[in-house]
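What follows draws every value from the coordinates through simple rules; no lab data is involved. Since this is a predicted model, take the numbers as computed values, not measurements. A quick note on method: Cβ atoms are made from the backbone with ideal geometry, for glycine too, and the neighbour counts reach across all protein chains shown.
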Amino acid sequence: MRSRSFPTHLWRHRLLAMLCILVCAESPSQAMDLSVNPQLCITDSADKSCAMVLKFEWQSATTGDYCLVEKESQIALQCWRENRAGQWQEQTTVHDQQIFWMTESGDKVPLAQAAIEVLSTYTEDRRRNRRRKHVWSLL
């Protein structure tokens, strides 16, 4: 009897995602930490997008005016005045990968950053899709 193992291509995706989480989650400055949950979404759609609720949490060694910014749009999603910590939650659709960072209010320099990764199991190989749908089929 042959044992079923996890497909090799999925292991590679999983390893890449874990490496990205470790590298992307590192903050450039030790004075501030930013985290986001969830950090990974796995979908079976071809467009690699996930609708999800993101929860951000941050803390700083110093009190100040800080903003949470989405990297691509450069838009401040939420700002805090005279705070050392905060949290914020948003329903959004993430495509491929999105990076968020914390800045001092009015500044463009990232103090800490976090990333969300989207992985897709979609394939255009019709044989693989048929196999996935009809496990009992030998053809």
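With R₀ set to 35 Å, the beta-carbon distance separating Lys48 from Asn83 gives a calculated FRET efficiency near 0.50. Taking each residue as 0.36 nm, the span from Ser73 to Asn37 lengthens on full extension beyond its C-alpha to C-alpha distance by 10.9 nm.
May I ask for the percentage of alpha-carbon pairs in segment 57-113 that lie more than 19 Å from each other? Distances greater than 19 Å cover 23 percent of the Cα pairs.
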